[in-house]
Amino acid sequence: MLGTRPDIAYAVTKLAQFAANPSEEHLNRALYICCYLLGTADYALIYDGKSDGGLIAYADSDWASDPNTRSPPQAI
């Protein structure tokens, strides 16, 4: 999921929390994800190496758990 379909990583992780006792709403959401996967089966990212631009990536990880330092919480 994380390596091949990062677009559904959050949804699958949240649904997995209810795997032992899913409600009808959870099953409907799982079906929605399956329909999404069927509809996007032909989508692909292609890195052909022909561009001089390279690979550009962005991340939004500001460590908001500490609004003063914006650093990760310290281990106790």
What is the extension gain from Leu45 to Tyr58, computed as 0.36 nm multiplied by their sequence separation minus the C-alpha to C-alpha distance, in nm to one decimal? 3.1 nm
Per residue and in Å³, how big is the convex hull formed by the alpha-carbon atoms of segment 4-59? 95
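Readers should treat all values here as calculations from the given coordinates under stated rules, not as data from a laboratory. Treat the numbers as computed from the prediction; the structure is a model and nothing was measured.
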